[in-house]
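Data first, discussion second: the structure below is written as structure tokens.
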């Protein structure tokens, strides 16, 4: 099976290459901001947005002018792809997937992309036009692959990276029928709870470093603008954020790989994280549920594990997994409850995970995706009320 993968590795440019990279980052950022303003101005005048073809023609005219002659000193790939990225950003905005495109800042992450027609893979690193061979480790690449593109980036910490996108072949995934099937419930008290009773606690990486981050930000506010000590304070904050990001990424990758390796199918809740962040605050963003779900989905396709989300409005927490009675007065603070019908005592999260599993394994209507017949009384009642009840974590 052919798949697209990416391998990100740190690069170590020379002093001369650092200057060339800075020039490429600056041109890419400037072109993006220039044509973002160009599109805004054109829309105010004509009520029509400039297309990618119009922006490309305008860029060609600019390169011929003396005042923009410096655009020819960098690889044309970085400026051309900058316009394409802007066009993609607007398309995603019109599809209501992201917010309106914003202007790029020098203090944020910088990047530019080079396609496989212009970049090359060497023994010591990657070769980028106008820059040369950037020294890096390529041990993570497979023996047989087809290069697609290389994205060179620079973090606020000052570290440079090369993200190598390539196409490779992997064995066709086969589902192992001997492995178990589980349901996963996301919770505020625990990161996840599985239907077999396993609970994974919240690592809370941001909360662990929040006190130190506040101290660093207070120190930054006392530094003078454009001073050396202010740059050092910014660097320290960027390094702390990088540490938090790396710890979270390591935790999510290890856990998602473990779940995919040990199970033949996984059923998940489909949460509205944007609404939850408005209600419960920034702690929801620190948890990383969205990234965890994304990793489960693509790793499941690679290694033969079915990953599926259930109906968002299925009342998994309120439904008794033994008799099917829905407890409508269940509150968020009730971590354990007893069913008024069958007197079964439930752990809230384990009960919800069991209901997620039963809902996921049930037969579905091929047209609507709704449950057709769940096979026992508990889920028959859930089938009738799934679209009306709201689940609470």
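Residue-by-condition table, conditions (1) loosely packed, with under 10 Cβ neighbours inside 10 Å; (2) in contact with a helix residue (DSSP H, G or I) (Cβ under 7 Å, 6 or more places away or on another chain):
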{"position": "104", "(1), (2)": "no, yes"}
{"position": "112", "(1), (2)": "no, yes"}
{"position": "115", "(1), (2)": "no, yes"}
{"position": "119", "(1), (2)": "no, no"}
{"position": "123", "(1), (2)": "yes, no"}
{"position": "130", "(1), (2)": "no, yes"}
{"position": "133", "(1), (2)": "no, no"}
{"position": "139", "(1), (2)": "yes, no"}
{"position": "144", "(1), (2)": "yes, no"}
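Does residue 116 satisfy the condition of being within 27 Å of residue 4 (Cα to Cα) and modelled with pLDDT under 90?
Values: within 27 Å of residue 4 (Cα to Cα): yes; modelled with pLDDT under 90: yes.
Answer is yes for this residue.
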**Asked** For the range 138-160, which residues satisfy the criterion of being in contact (Cβ under 8 Å) with a residue 12 or more places away in the chain and in a loop (DSSP other than H, G, I, E, B)?
**Response** 138, 140, 141, 142, 144, 145, 155, 156, 157, 158, 159
**Item:** Yes/no for residue 357 being within 24 Å of residue 263 (Cβ to Cβ), in contact with a helix residue (DSSP H, G or I) (Cβ under 6 Å, 6 or more places away or on another chain) and at pLDDT 80 or above
**Value:** no
**Fill in**
Out of (1) modelled with pLDDT under 90; (2) not in a loop (DSSP other than H, G, I, E, B), the one residue 163 does not meet is (1)
**Request:** Kindly check whether there is at least one residue in the range 167-177 that is within 20 Å of the chain's Cα centre (by Cα) and either surrounded by 14 or more Cβ atoms within 10 Å (Cβ to Cβ) or free of Cβ contacts under 8 Å to residues at least 40 places away in the same chain (or both).
**Result:** no
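Per-residue answers, yes or no, for (1) at pLDDT below 95; (2) in a helix (DSSP H, G or I):
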residue	(1), (2)
203	yes, no
207	yes, yes
215	no, yes
226	yes, no
244	yes, yes
**Matching entry among 15, 3 (being within 23 Å of residue 161 (Cβ to Cβ) and in contact with a helix residue (DSSP H, G or I) (Cβ under 9 Å, 6 or more places away or on another chain))** = 3
**Message:** Which numbered condition in (1) surrounded by 12 or more Cβ atoms within 10 Å (Cβ to Cβ); (2) without any contact (Cβ under 8 Å) to a residue 12 or more places away in the chain; (3) touching a helix residue (DSSP H, G or I) at 6+ places or on another chain (Cβ under 6 Å) is the only one that residue 40 fails?
**Reply:** (3)
**Asked** Within the range 3-37, how many residues are surrounded by fewer than 17 Cβ atoms within 10 Å (Cβ to Cβ) and more than 24 Å from residue 75 (Cα to Cα)?
**Response** 2
**Request:** Just name the residue that is nearest to the chain's Cα centre (by Cα) out of those in the range 178-201 that are crowded, with 18+ Cβ neighbours inside 10 Å and in a loop (DSSP other than H, G, I, E, B).
**Result:** 187
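The values are calculated or read from the model by the stated rules, or taken from the named source; none is laboratory data. If you're wondering where the values come from, they're calculated on a predicted model, not measured in any experiment. In this analysis, Cβ positions are derived from the backbone assuming ideal geometry, glycine residues included, and neighbour counts consider all displayed protein chains.
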